[in-house]
Structure formats: structure tokens, C-alpha cells
Amino acid sequence: MAPRYKRILLKLSGEVLAGGASFGIDAERVRALAAEVAEVAHTGVQLGIVLGGGNFFRGVAAAARQMDRVTADSMGMLATVINCLALQDALEKQGMPTRVMTAIQMPQVAEPYIRRRAIRHMEKGRIVVFGGGTSNPFFSTDSAGSLRALEIGAEILAKATGVDGVYDKDPRKHPDAVRYDRVTYSEMLAKNLAVMDASAVAMCRDNNMPIVVFNLTTHGNIMRMSMGEPVGTIIGNAL
């Protein structure tokens, strides 16, 4: 069976790399994630990945503790680069050539983000991991994911979370929460379904970039998603 998508932007939270811990990087969790991602890449899917940094630093939470928001967000962006390097190492141990590209220039550590170079890497079968967010404060890595998906011409933005889709309320707190199979961008924004930042959803809406929200903790879901199987909630225009 051939993959449904040729090019995917995969958005992962930093917490994914922490595994069962609340902080840092769980080497076994990163290895398992890299194995799943490599399996998809071996089918010929071109993959870009945007990683958050929440396992090291939460910018908004730090700002609430009286730290300057711009400084806090800058620290959060640097945290994403740590995660990108950890994932790159794990992917290359799976035999997948991988490039880390950062929006914040640090040439001794990673390549600077250049759109055409990133696309060329993917065309050559390399996985590209994008770090540093957008390089601007006040923008989340959700917004970075939407931006990179549009820039590289991805066919879908895949947001991997700890729940199996978009619900009308938090299913971890409300047992009667109802899951959507499909939801429009406008419904997401009007109902404040907070699985993604509003600015990221609006960017996708304005440029007709479909989003799928799915559960990363179920083994094999990245492959199922790439094959077009119904593994979560599709966010897009009305049918």
C-alpha cells in the first residue's frame, strides 16, 4: 500500500521526548519515536519535523513567574534545538540521514533554515528537523509548524498529541467529552478548541493547509496517518 502523502510536516511537542518523566529527554522514548519515523521515511514519504521545547522550558509559564516574556521565549526556542539534536542522533542511528535546521543562527551546531535547501534535503530522502521555532517571541511552535508546512509545500500538517483527536472539551478531565472526526478551521476558532494555537489554525485556514490531530502514544499511528487511515481528527474546510 502506497502512502497517501508525499510530504508531511510532523509537529511534536517537547514533552513527547520526556517519556514518563516531567523533564528532560528519555533516551528509550526518543529511540522508539525515531524508529517509527524512520519506518515512515523508508516508504518514500518526505518528512519535516517541528519540535517544541516544553520538556526543558515553558516560555509562557516562566513569563508568569515574572520573567520577561521575550527572554523566556528565547530560552524556549533554544530548548527546541536541544530536542532536535537528540532526535537527529536517534534517527541517524536508525540509518536515516537527517538535517537539523534552525531559525536562530548557530552554524557550529546546525544548518541555518533556508527554505529551498530544506526542500532539497527532503527531495534527496533526508529528514529535516526544524528548531528554533520561528525565531520570534510570542509565537508558539504550533505556529512554527504551520509556517514550515506552508513553506515546504507539505500536503498536511500532522500534530501528534497525547489524545486521539479534537474534543469539545478536555477528555482527560471530562469523561463525557465528544471527539470530532472532522472539524472546520472556523469551528476550531469559534469554539476555542484549544488543541492548537489560534494563530496556527488561522494560518492554515487562510492557506488551505489541512491538519490532522492524532495520538502519538499509540504505536504505529505515524505510519497509519501517512497512509491516510482515520487515526484522529481532520481539520479543514467544510465538505
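The values are calculated or read from the model by the stated rules, or taken from the named source; none is laboratory data. This one's a predicted model, so the numbers in the text were calculated from it and none came from an experiment. Every residue, glycine as well, gets a Cβ built from its backbone with ideal geometry; the counts of neighbours run over all protein chains shown.
Here's the yes/no breakdown for (1) surrounded by 18 or more Cβ atoms within 10 Å (Cβ to Cβ); (2) of a type outside the set (Val, Ile, Thr); (3) touching a residue at least 12 places away in the same chain (Cβ under 8 Å):
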position	(1), (2), (3)
111	no, yes, yes
137	no, yes, yes
143	yes, yes, yes
151	no, yes, yes
173	no, yes, no
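Residue by residue through the stretch 6-31, note down the ones that are in contact (Cβ under 8 Å) with a residue 40 or more places away in the chain and under 19 Å from residue 218 (Cβ atoms).
Within the stretch 6-31, 8, 10, 11, 12, 13, 15, 16, 17, 30, 31 qualify.
Within the bounds of the stretch 126-137, is there any residue that is farther than 23 Å from residue 195 by Cα, modelled with pLDDT of 95 or more and among the aromatic types (Phe, Trp, Tyr)?
Checked the stretch 126-137: no residue is farther than 23 Å from residue 195 by Cα, modelled with pLDDT of 95 or more and among the aromatic types (Phe, Trp, Tyr).
With the structure loaded, tell me whether residue 45 is in contact with a Gly (Cβ under 9 Å, 6 or more places away or on another chain) and crowded, with 18+ Cβ neighbours inside 10 Å or whether it fails that test.
Taking the combined requirement at face value, the residue does not satisfy it.
Does the stretch 49-64 contain at least one residue that is of a type in the set (Lys, Arg), farther than 18 Å from residue 149 by Cα and in a helix (DSSP H, G or I)?
Looking through the stretch 49-64, none of the residues is of a type in the set (Lys, Arg), farther than 18 Å from residue 149 by Cα and in a helix (DSSP H, G or I).
Which one is surrounded by the fewest Cβ atoms within 10 Å (Cβ to Cβ), of the residues in the stretch 185-239 that are in a helix (DSSP H, G or I) and out of contact with any helix residue (DSSP H, G or I) (no Cβ under 9 Å at 6 or more places or on another chain)?
Top of the filtered list is 190.
Determine whether residue 198 is out of contact with any strand residue (DSSP E or B) (no Cβ under 8 Å at 6 or more places or on another chain) and aliphatic (A, V, I, L, M).
yes
Residues that are over 24 Å from residue 202 (Cα atoms) and touching a helix residue (DSSP H, G or I) at 6+ places or on another chain (Cβ under 7 Å): find the helices (runs of 4 or more DSSP H) completely inside the stretch 66-183 holding 3 or more of those.
The qualifying helices (runs of 4 or more DSSP H) are 69-93.
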